[in-house]
Structure formats: structure tokens, C-alpha cells
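Report on the structure given below.
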Amino acid sequence: MMATLIRPLRVVWAFLVRDFFVETSYRLSFLFTIGSVVVRALVFFFLSEFIESAAGGLLGDYGGDYFSFVIIGIALGGYFSTGLSSFANALRQSQMTGTLEAMILTPTPVSWLIIGSAAWSYVYTTFRVLVYLVVGALFLGLDLSRANYLAAFVILVLSVISFASLGILAASLIMVIKRGNPITAVFGNVSNLVGGVFYPVAILPGWLQIAAYMLPITYALQATRAALLHGATWDELAADILALTLFCLILLPLALILFRFAVNRARVEGTLAHY
């Protein structure tokens, strides 16, 4: 039993170590990434000074503080973008370098190969999110003194699983049709448009609000902001947590089944390495 668990974890660790050394070999790029995060945080801080007076009513649930509202939106939006693109990008890279077929022919379960291929992207995104929150809290007035951190962590886990499931679905599409980036780009842009990343969902027309509540990112942002900015209780967060749980229960099994189907179809057609 223990060996069955340890082996996949070793696979994920091997992916992490490989991608860590690849990423840190470009040190200047790493420093530029940190700089870009700080600059972006500053941009939205100064923007918040400009628009808070006009948007105060809409931001009443967030203390009228647009900067706190948007910095959490950007941070969680980073996980959404990673979930949507990391699996497809890893698959595409493996196809182009000719390593996909060799990996899939190993005895390692396909699901663990998927997790391992995207593990570093999540580690890197977490680092960027921490930079956003630390810079915001220490220098730009982000107030997390009332935060319910345990609830925020649970919400984050559910959010990551639901976002990742969408990404695995995108990777399945790439496996079959050999192209998928335009589709994920459109879905990502629509989610950013209506999901409440940069502004409250309440300002949208009614029909767009209906569309917003069909997306996991909407519930993830609502719950995360409530937990971090207001220290919302479990009872207050229950509806959003339930919605995210349902997304996970539906999307994750569906994504894994479709990815396995896509892999098997590519094997039969002999197109695993085609792109």
C-alpha cells in the first residue's frame, strides 16, 4: 500500500526537480518575474486611489477598498490561468520534444503524469501569489488581520482542483485535435471578463451574471475575498464552498476519463507524438 503511494509521489518530485533546475538556470528571467509582480501590484494600488470614490458603493462588501479587492482577484486569477494552461502547455512541450510517447509508455498512471507535468507551474504560481500578498500587506495597505486562513486554504484547494480539471479537459482536446490554445484563451478571457477578477460581478448585466455563476472562478473569488478580508465564518462561506465542491466532483472525474480516452485514441491512431 505504501509503495503504491510512494512511487507516484516520486514521479511528481522528479518533475518538480527537473523543472526547478530549468527555471533557475535563467536567473535574470526569475528576477524580472518578481519585478513584474511588484510593478503590477503598484499599478493597481494607484488605480485604486483613482477609482475608489466612484466605486465605493459597489465595493461595500469589501470595505470600499478596491486595492484589496483586485489584488486577491489577480492572485487567484493566477491559479486559474495556471490551471487552464499548464497541462496543455506541458503536453504540447512533450509532443514537440518527443518525450510524450516515452512517458505514457511507462507503468506510471496517466493521472500522475498529468499532475507531475504541471506541479512546478503551481509551485511557481504560489510563489508569485505570496509576493503579491506580502507586498500588498507590508507596503500597500492590504488588511488581512481578520482573515480566516483555514477557510481560505480549503477554498484554495477546491479552486485549484476545479481549475485544474478545466485544464486537463483542454489537454485532452489538444491530444485529439492537436490544437487547443485558441479555445483555452477564449475561455480564459471570458472567465476574466465575467468572473469578478477586476470588478464585482454585480456591475454586469443580468444575463452575464447568470453566465458568471456557471463558472468556478466566480465562487472561488467570492469565497476567498470573504474569508481573507472579512474573516467570514464557515456558515457564511457554505454556499460557495458547496458550489466549488460540486464543480470538483463533476469536472475532475470527467477530465480524467476524457484524458484517458484521448490518450488511448492517440495510441490506436499512432498520433501520440504528432502536433
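Every read-out reported here was derived from the displayed coordinates using simple, explicitly stated rules and does not represent laboratory data. Keep in mind that this is a model prediction, so the values were computed, not measured. Here Cβ is always computed from backbone atoms with ideal geometry, including for glycine, and neighbour counts include all displayed protein chains.
Taking neighbour Cβ counts within 10 Å as the exposure measure, how do 108, 233 sort from fewest upward? Show your work: numbers first, answer last.
Values: 108 16, 233 12.
If I rank by nearby Cβ atoms, fewest first, I get 233, 108.
Counting pairs of alpha carbon atoms under 8 Å apart in space and at least six apart in sequence, what relative contact order in percent does the range 173-251 give? Write out the running numbers ahead of the final one.
Numbers: 45 pairs, mean separation 16.4, N = 79.
The normalised contact order for the range 173-251 reaches 21 percent.
Kindly identify the range 31-269 as rounded, prolate or oblate by the Cα gyration tensor criterion: order the square roots of the eigenvalues as a ≥ b ≥ c, call it rounded if a/c is under 1.5, otherwise compare a/b with b/c, prolate if a/b is larger, else oblate. Kindly include the intermediate steps, with their values, before the conclusion.
Values: a/c = 2.08, a/b = 1.78, b/c = 1.17.
Prolate is the answer for the range 31-269, as a/c is 1.5 or above and a/b outweighs b/c.
Among 121, 51, 106, whose Cα lies farthest out toward the positive end of the dipole of the range 31-269, if unit charges sit on the beta carbon of Lys, Arg (+1) and Asp, Glu (-1)?
106
Alpha carbon centre of the range 66-83 versus the range 202-275: separation in Å?
Result: 15 Å between the Cα centres.
Sort 153, 198 by Cβ crowding within 10 Å, fewest neighbours at the top.
Working: 153 11, 198 15.
In increasing order of surrounding Cβ atoms, one gets 153, 198.
Hey, got the dipole for the range 31-269? About the Cα centre, +1 on K and R Cβ, -1 on D and E Cβ, debye to the nearest 20?
On the way: 10 positive and 10 negative charges, 187 e Å.
Its charge dipole is roughly 900 debye.
Which ³J(HN,Hα) values in Hz, rounded to whole numbers, follow from the phi angles of the range 185-196 under the Karplus curve 6.51 cos²θ - 1.76 cosθ + 1.60, where θ = phi - 60° and Gly and Pro get x?
Rounded to whole hertz, the list is 5, 5, 5, x, 5, 5, 5, 5, 5, 10, x, x.
Under 8 Å for C-alpha pairs, at least 6 residues apart: give me the relative contact order for the range 205-275, rounded to a whole percent.
Values: 21 pairs, mean separation 16.6, N = 71.
Taking the mean separation of contacting Cα pairs over the length of the range 205-275, I get 23 percent.
Report the gain in length on full extension from residue 17 to residue 187: 0.36 nm times residue separation, minus Cα-Cα distance, nm rounded to one decimal. Write out the running numbers ahead of the final one.
Working: separation 170, 0.36 × 170 = 61.20 nm, distance 3.10 nm.
Taking residue 17 through residue 187 to full extension adds about 58.1 nm, to one decimal.
How long is the gain from residue 176 to residue 143 if the chain were fully straight, where each residue apart is worth 0.36 nm and the alpha carbon distance is subtracted? Write out the running numbers ahead of the final one.
Details: separation 33, 0.36 × 33 = 11.88 nm, distance 4.64 nm.
Full-extension gain reported as 7.2 nm.
Among 45, 259, 80, which comes first, then next, by fewest other beta-carbon atoms within 10 Å? Intermediate values should be presented prior to the final figure.
Working: 45 19, 259 23, 80 28.
Result, fewest neighbours first: 45, 259, 80.
Charges at C-beta only: +1 for Lys and Arg, -1 for Asp and Glu. How large is the resulting dipole of the range 137-264 about its Cα centre, in Debye rounded to 20? Please list the in-between numbers first.
Numbers: 5 positive and 4 negative charges, 104 e Å.
The calculation lands at about 500 debye.
Which distance in nm do the two modelled labels at residue 234 and residue 38 give, with both placed 7 Å along the Cα-to-Cβ direction?
The two pseudo-label positions are separated by 4.1 nm.
Considering Cα pairs under 8 angstrom that are at least six residues apart, work out the relative contact order of the range 31-269 and quote it in whole percent.
With pairs under 8 Å counted, the relative contact order is 27 percent.
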